[in-house]
Structures are given as C-alpha cells and as structure tokens.
Amino acid sequence: MDEQIGLRERKKQRMYQDVSNTAVRLFLEKGFDAVSVAEVAAAAGISKPTLFRYFPAKEDLVLHRIADHEDEAARVVAGAASPLEALRRDFLDGLARCDPITGLNDDPGVLAFHALLYGTPALVARLHEYLRRSEGALAGALGGDLDARLAAGQIIAVRRILAEDNWRRIAAGERVADVRAGAVAAAERAFGRLGAGLPWLVGAAERDSG
C-alpha cells in the first residue's frame, strides 16, 4: 500500500514538473501574456480542467519552479540554537554552490527564467503572495507571535533583496566570478545588521563573540 502511495505521489510530482516545464518554455518563446492556459494544456497533453486541478492560477505554472523554496527558511531555523546564524550559513552555502535562488547564477536558462519572473507584472504580484507564505512559515517556526512575524518579514525581505541584486548585476553582464565576493560581503553585512536589530534570534555564542 505504501509503495502504491509513493508511486502515485511520484507520478503527481512528475506531472507538476512536466506541465510547468512546458508552460515556462512557451512563456519564454512567446511571452507570458501571449500564451493561454488552454495552449499550455494542449501542449502538455492534458485538458484545461486537469491543468487547473494542479495549478489554480496561470502564474503558478511559473512559480512552481521555486515552490520547494517556499518553506526553506522555516526548515533551516527548525531546532537551530541561533536561527539567524543558521539562515546566514544557508544563504552563504547557496552562494557557494551558485543556487539560482540566491541570484548568483549565470546559466542562460536561469537568467531567462528570472527575466520572465521579474519582468512580468502578473508574476511579480504572484511572487509577493509566495513571499508572504514564506514569511508566514518562518514566523511560525520562530514562535508565531508579533515579534516572530516582524522578524520574519525582515529576514525574507533581506533574502529577496540580496538575490535580486545578484541577479540584476549578472543580467547586466557581470560574471559570477566577479560578483561572488561582493555578494558574500553584502550577505554578511545584511545578516550582521539583522543580528543587531534582532538579538533574540542570535545564539549566546554568537552574542558573546560579537
């Protein structure tokens, strides 16, 4: 029974990925607004009602690519003695491996995807909903009270701004090798300022060494 459930879940995830990939390809070729949901469904070989069962909104076809990062910050701080230190290390690790979510990636496909995402007003609006959910998940992991919600808003904003700055520099023609040092320094500076303003999220060891 468990194997059957696992197989169904894998098939479902493949469907999500295949349909999203088809949609993004069409959007990159023709433009987001020029492609209808019906066209995406036809290209993916499914009906329009079936597509909407997987993706409630057209914009979700694109945002699916980063959906697995939605609760990433919440997962990172779970059980951490110093939530901010855990988040700092996570972002720096992302920069080290050129994770597209940090913006420090010059793969043509990644750059095209980010140009689509940030250059389409409907997708930018949907992205803000995604960020609010990320913020809510992180706030819950930090305790869920007003202080936690205020902290989560600042942290998610810092991660977004750092990533967008990296992407814009690379999209403007700078090489990853030339951007990396500045990206690391900016992240260190940003998380340092978060620590100064949110000392309750910094572990005792980090406070003592600061």
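The values are calculated or read from the model by the stated rules, or taken from the named source; none is laboratory data. Fair warning: this is a prediction, and the values are worked out from it, not measured in the lab. Backbone-built Cβ (ideal geometry, glycine too); neighbour counts: all protein chains shown. Heavy atoms of the whole protein, side chains included, go into the accessibility calculation; ligands, DNA and RNA do not. Shrake-Rupley method; radii C 1.70, N 1.55, O 1.52, S 1.80 Å.
Could you point to the label whose value was computed as Rg and Dmax of the Cα atoms in Å for the structure here, given (1) 18.2, 61; (2) 15.5, 41; (3) 19.1, 60?
(3)
If you stretched the chain out fully between Leu150 and Glu188, how much longer would it get, using 0.36 nm times the residue separation minus the C-alpha to C-alpha distance?
Extra length available between Leu150 and Glu188 comes to 11.6 nm.
Explain nothing, just the number: dipole magnitude of segment 1-160 about its Cα centre with +1 on each Lys and Arg Cβ and -1 on each Asp and Glu Cβ, in debye rounded to the nearest 20.
Working: 21 positive and 23 negative charges, 77 e Å.
Result for segment 1-160 is approximately 360 debye, rounded to the nearest 20.
Hey, what's the chain come to in accessible area per residue, 1.4 Å probe, Å²?
Details: 11080 Å² over 210 residues.
Here the residues of the chain average 53 Å² of exposed surface.
Loop sites only, by DSSP: take the trypsin sites (Lys or Arg not before Pro) in the chain that have at most 12 other C-beta atoms within 10 Å and name the longest stretch containing none of them. Could the numbers behind the result be given before it?
Working: sites that count: Arg97, Arg175.
Longest stretch, sites excluded: 1-96.
Report the charge-dipole magnitude of segment 112-210 in Debye, nearest 20, computed about the Cα centre from +1 at each Lys and Arg Cβ and -1 at each Asp and Glu Cβ. Could you put the intermediate results ahead of the total?
On the way: 13 positive and 11 negative charges, 55 e Å.
For segment 112-210, the charge dipole is close to 260 debye.
Run the accessible area of the chain with a 1.4 Å probe and give the carbon-and-sulfur part as a rounded percent.
The C+S portion of the solvent-accessible surface of the chain is 53 percent.
Compute the FRET efficiency between Ala57 and Arg10 as 1/(1 + (r/R0)^6), taking r as their Cβ-Cβ distance and R0 = 35 Å, and round to the nearest 0.05.
Working: r = 24 Å, r/R0 = 0.70.
Taking R0 as 35 Å, the efficiency between Ala57 and Arg10 is 0.90.
Using only Cα atoms, locate the centre of segment 151-193 and the centre of segment 60-110, then give the distance between them in Å, rounded to an integer.
So the two Cα centres are separated by 12 Å.
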